[in-house]
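Report on the structure given below.
The values are calculated or read from the model by the stated rules, or taken from the named source; none is laboratory data. None of the values given here were measured: they were computed from a predicted structure. Cβ placement follows ideal geometry from the backbone for every residue including glycine, while neighbour counts extend to all protein chains displayed.
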Amino acid sequence: MNVQINTRLKASIVALLLLLPTVLTANALDVVIKTAPIVPHGLIAGEPFDITMSMVDLDPAIPGIPLKKGGTVKVKLPSEITNLGYPVSRPGDAKGCEPPVLAKCSSGGMLDGWPQSPLLPMSTIDYDEQSHTLILTSAADSAAYSLGAPGFKLVHLFTFGFKNPDNPGEYPIEIEIQPDPTSSDVLTGSAMLAITDQRIPNVGIDTTQSIHLKGPRYQNTMFQILKPGDTSRNMSANLWDAQHQPIVGASISMTSDTAGYLLSNDGEVIGALDIKAPQDAKGFYLLRTPSFAAKTGLAGYPTGRLVAALRTAPKVTGDYVVTLSLKDGNSIEHTLRVQ
């Protein structure tokens, strides 16, 4: 009897030890899911599934996840998301997946930590039907860390061939990252996909007005480092109303150095602008133009594009935080660090 118990105990210990490498190398990710900034409907019931998933703080001072060629990101979808049978492909690799007609396919990419900044060359993407999992594979080693290319922080799934759940609710999504295909180290996490049927005005960060000559195609406008008296990079936004139609002709009217309204082309207040400035900052001002008709990157989705820049105060250091919000809608934030 004792021999049997000891044998079983030894077998259990051996089994546990065999599992230890997996347990010790599985690290938890802090996953945040948002609607993608290139469409207004990424989290709307019954609409195409279009989201971003962040795993690392988007402040560029914090390094992202180093990737080796062949590193993978697996995103297990809830069963309530429907695959419509369109091609799953890297943009341009399959018929129907050529920008800007991605509405006929499903795709995705790994990003540096801000919109429109895929790691290049773009990752490949596959779909495992049995597990209902999208699999992105890195096409190259990620670049060495720098403020202009902090490393892998975001996944953007622009999967127009997958339909959101038909009913509002919260649905779990699981993610597993293996940064190096030659290592057993994995990062895992999960988050709830919050699906709603309530359409609201939507604003999404757009970086296509700030072209990058080296590194990612477009520069990071969400977090910028400037010198006193510098003018920021263009802080650009995509605007949609509650019916998800482009907001064109909207303008920012400043009521003080630090506050203003977003007005529609007929003068109606549809949003607000707030600037939190460093103490003692004086003489800073906002440059802006009315929103104009445009199309979002990759998908070519119609939008209203609002572009603004901030001229910072001379001789004063500190952070400016510029927040643009839509009435009854969401908001976006830009941090300008002057040092």
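As a summary of the residue check, Thr208 satisfies the conditions (1) within 16 Å of the chain's Cα centre (by Cα); (2) assigned to a strand (DSSP E or B) except for the one numbered (2). Residues in segment 282-339 that are in a strand (DSSP E or B) and of a type in the set (Phe, Trp, Tyr) were compared, and the one that is surrounded by the most Cβ atoms within 10 Å (Cβ to Cβ) is Tyr320. Candidates Asp328, Asp241: the one that is modelled with pLDDT of 95 or more and closer than 30 Å to Pro91 by Cβ is Asp241.
Within segment 263-281, being assigned to a strand (DSSP E or B) and within 15 Å of Glu333 (Cβ to Cβ) holds for Gly271, Ala272, Leu273, Asp274, Ile275, Lys276. Of the residues examined, Gly148 is not one that is in contact with a helix residue (DSSP H, G or I) (Cβ under 6 Å, 6 or more places away or on another chain), more than 23 Å from Leu187 (Cα to Cα), surrounded by fewer than 18 Cβ atoms within 10 Å (Cβ to Cβ) and not polar (S, T, N, Q).
Residues are listed down the side, and each one gets a yes or a no for (1) at pLDDT below 95; (2) not charged (D, E, K, R):
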residue: Val56; (1), (2): no, yes
residue: Glu80; (1), (2): no, no
residue: Ser117; (1), (2): yes, yes
residue: Met122; (1), (2): yes, yes
residue: Ser146; (1), (2): yes, yes
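Inside segment 118-145, residues that are more than 22 Å from Ser190 (Cα to Cα) and among the charged types (D, E, K, R) make up a count of 1.
Among Pro100, Pro121, which is within 30 Å of Ala242 (Cα to Cα) and more than 16 Å from the chain's Cα centre (by Cα)?
Values: Pro121 fails: within 30 Å of Ala242 (Cα to Cα).
Going through Pro100, Pro121 in turn, just one is within 30 Å of Ala242 (Cα to Cα) and more than 16 Å from the chain's Cα centre (by Cα): Pro100.
Pairing residues of segment 119-141 that are on the phi > 0 side of the Ramachandran plot with residues that are at pLDDT 95 or above, at Cβ distances under 7 Å and at least 6 apart in sequence or on separate chains, gives His132/Lys76; His132/Leu77; His132/Ser79. Residues in segment 217-233 that are over 18 Å from the mean Cα position of the chain (by Cα) and surrounded by fewer than 19 Cβ atoms within 10 Å (Cβ to Cβ): Ile225, Leu226, Lys227, Pro228, Gly229, Asp230, Thr231. If we keep just the residues of segment 236-281 that are of a type in the set (A, V, I, L, M, F, W, C) and touching a Pro at 6+ places or on another chain (Cβ under 6 Å), which is surrounded by the most Cβ atoms within 10 Å (Cβ to Cβ)? By that ranking, first place goes to Trp240.
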